[in-house]
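Remarks on the structure that follows.
Where a number appears in this text, it was derived from the coordinates with a stated rule and is not lab data. Just so you know, these numbers come straight off a predicted model, no measurement behind them. FYI the Cβ positions are ideal-geometry reconstructions off the backbone, even for glycines, and counts take in every protein chain you see.
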Amino acid sequence: MWEQMMAFLKSWFIYPGLNWDLMLVGIGLALVFGAIWLCAHWPPLFRKHWLWAVAVVSAFLTLLAVVFVQIPLQHYTGVALMHFWSQETLINWLMLAGIPGVLLSGLVQEGAKMVPMVSWWWRSGRNINPRLGLAIGALAGAGFGIFEAVWAHNQVLMSGWTWQAVQTDGLLALIPFWDRFWAVAFHIAVSALVGYGLARGRGWQFYLIASGLHGLINYIVVPYRKGMLTFNQVEIYLAAAAVLVVLAALWLRWRKREEEEPVEPAETIEPTGIDI
């Protein structure tokens, strides 16, 4: 399993045989996707420069959590299930047997993205404006969402994808990039909800909601493997689920609150001495 973990980690940084021009295409598309969805949240990136650090820390920390926490947990969960049931039984009951794995993916990834949010929450004296909380969460989600999109795009390009595929297959050739467009939107929006929850003093509740939503959006792979859904239906489901989460986050971001001051308070009040 260790070799599998290390191979997966290296695959995020090493793309053998991929030309630089195609690699820049993958990176550029990921950045464009992130910029589009971040503009909808309008985080104060140029007034609060530390938000950039939130994105960077979230990206690398979440990847490490996937490699060293999620993969082993999912592996040993599968081993435990195989201990009690045969492989044939698990395949027949895949709709239930697949639940632990998708729940773990949500719990681990959303937990890792929360770390920079919680760190700032403690440093600011646990008193931040809800809109700033949404912005912190959006940047935490964008960091990993963009990083993951770069990896996914480059994996597709390494498989032999070229612009000629668009001429041959039409819009079907663009589905991998369509998928990442909505995945980036989901990562940003669901983490924004957690940031809002932290600002409202309900961090763990919103963390569980975000983890559940993450698991729910990943669960669609299970009925797809069972042959119950087509590939196009899966993509429609992913886009629709992402849209709903995005709308929820944007409603919280842009609605008017009479109890809030029109100007955000300073991000630091009085450090408590507690840091994560």
(request) Estimate the FRET efficiency between His75 and Met6 by the formula 1/(1 + (r/R0)^6), using the beta-carbon distance for r and 22 Å for R0, to the nearest 0.05. (result) 0.95
(request) Could you state the angle between the C-alpha long axis of helix 130-158 and the longest principal axis of the C-alpha atoms of the chain, as a value from 0 to 90 degrees rounded to the nearest 10? (result) 20 degrees
(request) Give the calculated FRET efficiency between Leu90 and Ile14 to the nearest 0.05, with a Förster radius of 41 Å applied to their Cβ-Cβ distance. (result) 0.75
(message) Using a Förster radius of 25 Å, what is the FRET efficiency between Phe46 and Ser119 based on their Cβ-Cβ separation? Nearest 0.05, please.
(response) 0.70
(request) Can you tell me which of 30-38, 3-11 comes out highest on packing, and rank the rest after it, using the mean Cβ neighbours within 10 Å? (result) 30-38, 3-11
(request) Please report Arg47, Arg253, Arg225 as a ranked list, fewest other C-beta atoms within 10 angstrom at the top and most at the bottom. (result) Arg47, Arg225, Arg253
(request) Please identify every one of the trypsin sites (Lys or Arg not before Pro) in segment 108-205 that sits in a loop by DSSP and has no more than 16 other beta carbons within 10 Å of its own beta carbon. (result) Arg126, Arg200, Arg202
(request) Find the centroid of the Cα atoms in segment 177-217 and in segment 88-160, then give the distance between the two in whole Å. (result) 7 Å
(request) Evaluate the distance, in nm, between pseudo-label points positioned 7 Å from the Cα of Cys39 and of Asp21 along their respective Cα→Cβ axes. (result) 2.7 nm
(message) Using only the alpha-carbon atoms, what does segment 164-212 span along each of its principal axes? Please give whole angstrom values in decreasing order.
(response) 53, 16, 9
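Which whole-number percent is the relative contact order of the chain (Cα, under 8 Å, 6+ apart)?
28 percent.
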(request) Treat the count of other C-beta atoms within 10 Å as a stand-in for reagent exposure and order Leu171, Leu96 from fewest to most. (result) Leu171, Leu96
(message) Show log10 I(q)/I(0) for segment 5-97 at q = 0.10, 0.13, 0.15, 0.16 Å⁻¹, two decimals, from a solvent-free Debye sum over equal Cα scatterers.
(response) -0.51, -0.76, -0.88, -0.93
(message) Give me the net charge for the shell around Ala55: Cβ to Cβ below 13 angstrom, other residues only, Lys and Arg +1, Asp and Glu -1.
(response) +1
(message) Using Stokes-Einstein with the Kirkwood hydrodynamic radius over Cα pairs, what translational diffusion coefficient do you get for segment 32-72 at 20 °C and a viscosity of 1.002 mPa s, in µm²/s rounded to a whole number?
(response) 182 µm²/s
(request) Working from the alpha-carbon coordinates of segment 60-214, get Rg over Rh, Rh being the Kirkwood radius. (result) 1.07
(message) How would Phe186, Phe231, Phe60 line up from fewest to most surrounding beta-carbon atoms within 10 angstrom?
(response) Phe231, Phe60, Phe186
